[in-house]
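What follows is one structure encoded as structure tokens, with my remarks underneath.
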Amino acid sequence: MAGDSHVDESQFKGISKYFNSTTSTGRANVAKATYATIGLLVLFFSLKPKKKPTTN
Amino acid sequence: NTLLTELHNEFKTLLGEKRANNGRTFLFVSLFSLILFNNFLRLFPYVFTRTSYLTITLTLALPLINNTNHIFENLVPQGTPSPLMPFIVCIETIRNIIRPGTLAVRLTANIIAGHLLLTLLGNNGPRFAQSRLGIAIIAQILLLILESAVAVIQSYVFAVLRTLYSREVN
């Protein structure tokens, strides 16, 4: 893949310093964060207690 | 051997000039030769066709991850707009998972289809009327020529795609 040797990292401020689509670490962090979010969502929905139907 | 030298030069161009790619062209040239040899062998009668089995082609197509250092950063192309990045990650993940499958199925399906046509035409040959036998024989010969071309083309396509996928990952 094309490297980011010519990218000036000082142009990124704040959260875009860690999550961007220009530097290799930024791209890797975006992918890891996406996987972590999906994993957490899956975990949340699998561990969520299921509602029991109330009987009268 | 001119053919193999030409292939070596083409794969070298595809892989690029990185030092890590030195010698890797031999792997893909060997892959091409193996598939070409197997594809040609199957054109002879009563020969077992190895490349028409998904287990064989999947084994050749599966090892796509050689370098694990850049797995995550390859999931997001450079310059992707920020709102699209999570969706691109999901799409690229699915694409990477499906790739060995498509590579294997492409080769298997092409080989099976041609072999099936040849077998069907050959098995039904005795049932043809004498007047139509000439047409059946000519059709069989034309199919054989087509299958010879398919054998070369499919092995080339497989090897080139493996080279390109390997270049993307590394």
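The values are calculated or read from the model by the stated rules, or taken from the named source; none is laboratory data. Predicted model only: the values in this text are computed from it and were never measured. Don't worry about glycine lacking a Cβ; one is built from the backbone with ideal geometry, like all the others, and counts go over all protein chains shown. Ligands, DNA and RNA are stripped out before the accessible areas are found, and what is left, the full protein with its side chains, is counted by its heavy atoms. Shrake-Rupley method; radii C 1.70, N 1.55, O 1.52, S 1.80 Å.
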Seminar exercise, completed: Of the residues in region B:71-88, those that are within 8 Å of chain A (Cβ to nearest Cβ) and over 26 Å from the mean Cα position of the chain (by Cα) come to B:72, B:73, B:76, B:78, B:79, B:80, B:81, B:82, B:85, B:86
Seminar exercise, completed: For region A:13-41 the number of residues that are open to solvent by 80 Å² or more (accessible area, probe 1.4 Å) and facing another protein chain (nearest Cβ under 7 Å) is 1
Seminar exercise, completed: Filtering region B:103-117 for residues that are surrounded by fewer than 21 Cβ atoms within 10 Å (Cβ to Cβ), without any contact (Cβ under 8 Å) to a residue 60 or more places away in the chain and among the hydrophobic types (A, V, I, L, M, F, W, C) leaves a count of 5
Exercise. So is residue B:75 in contact with a helix residue (DSSP H, G or I) (Cβ under 8 Å, 6 or more places away or on another chain) and surrounded by 11 or more Cβ atoms within 10 Å (Cβ to Cβ) or not?
Worked result: yes
Exercise. Wholly within region B:22-138, which helices (runs of 4 or more DSSP H) include no fewer than the required count, namely at least 1 residues that are within 23 Å of residue A:19 (Cα to Cα)?
Worked result: B:85-123
Problem set entry | Test for residue B:96: is it open to solvent by less than 80 Å² (accessible area, probe 1.4 Å), on the phi < 0 side of the Ramachandran plot and out of contact with any Asp or Glu (no Cβ under 7 Å at 6 or more places or on another chain) | yes
For this session: Kindly establish whether residue B:37 is open to solvent by 40 Å² or more (accessible area, probe 1.4 Å), modelled with pLDDT of 80 or more and either within 17 Å of the chain's Cα centre (by Cα) or among the polar types (S, T, N, Q) (or both).
Result: yes
Problem set entry | Boolean, residue A:5 is open to solvent by 40 Å² or more (accessible area, probe 1.4 Å), at pLDDT below 80 and in a helix (DSSP H, G or I) | no
Problem set entry | Answer residue from region B:118-137, given it is within 17 Å of residue B:42 (Cα to Cα) and open to solvent by 80 Å² or more (accessible area, probe 1.4 Å) and is farthest from the chain's Cα centre (by Cα) among those | B:123
Seminar exercise, completed: Checked pairs for region B:148-167, first under 16 Å from residue B:39 (Cβ atoms) and open to solvent by 40 Å² or more (accessible area, probe 1.4 Å), second basic (Lys, Arg) and assigned to a helix (DSSP H, G or I), C-beta under 9 Å and 6 or more apart or across chains, list as B:157/B:106
